[in-house]
Amino acid sequence: MDLQTKVSKYLSENGIKKKYLASLLGIYPTQLSLWLSGRYTLTNIQTKKVEDFLSGKLNKSIKQPINSANL
């Protein structure tokens, strides 16, 4: 199974929006959709981020600042 198919399946099975993954990769959702359909090529760094996302490494490395005013 190619990487695009794995990502499409993962997003679908886990209810994750393409917009979320695109933001993690630093690309537009349109670019992600084009990549998933084979009409766009990701950089090596973006491809590594996709692999990290699928393995759970990318999600664990994201830290959102806590704003005490919002608590």
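The values are calculated or read from the model by the stated rules, or taken from the named source; none is laboratory data. These numbers come from a predicted model, not from an experiment. For neighbour counting, all protein chains shown are included, and Cβ atoms are generated from backbone atoms with ideal geometry for every residue, glycine included.
So which helices (runs of 4 or more DSSP H) are wholly in segment 1-53 and hold at least 1 residues that are on the phi > 0 side of the Ramachandran plot?
Helices (runs of 4 or more DSSP H) meeting the threshold: none at all.
With the requirement that a residue be modelled with pLDDT of 95 or more, touching a Lys or Arg at 6+ places or on another chain (Cβ under 7 Å) and not small (Gly, Ala, Ser), what does segment 12-33 give you?
29, 32
Restricting to segment 19-42, name every residue that is in contact with a Pro (Cβ under 8 Å, 6 or more places away or on another chain) and crowded, with 17+ Cβ neighbours inside 10 Å.
Hit for segment 19-42 is 22, nothing else.
Taking segment 1-18, which residues are surrounded by 11 or more Cβ atoms within 10 Å (Cβ to Cβ) and of a type outside the set (D, E, K, R)?
If the condition is that a residue be surrounded by 11 or more Cβ atoms within 10 Å (Cβ to Cβ) and of a type outside the set (D, E, K, R), then 3, 4, 7, 8, 10, 11, 16 are the ones that fit.
Do you know which of the residues in segment 52-71 that are within 19 Å of residue 1 (Cβ to Cβ) and either among the hydrophobic types (A, V, I, L, M, F, W, C) or at pLDDT 95 or above (or both) is surrounded by the most Cβ atoms within 10 Å (Cβ to Cβ)?
Taking the candidates together, the pick is 53.
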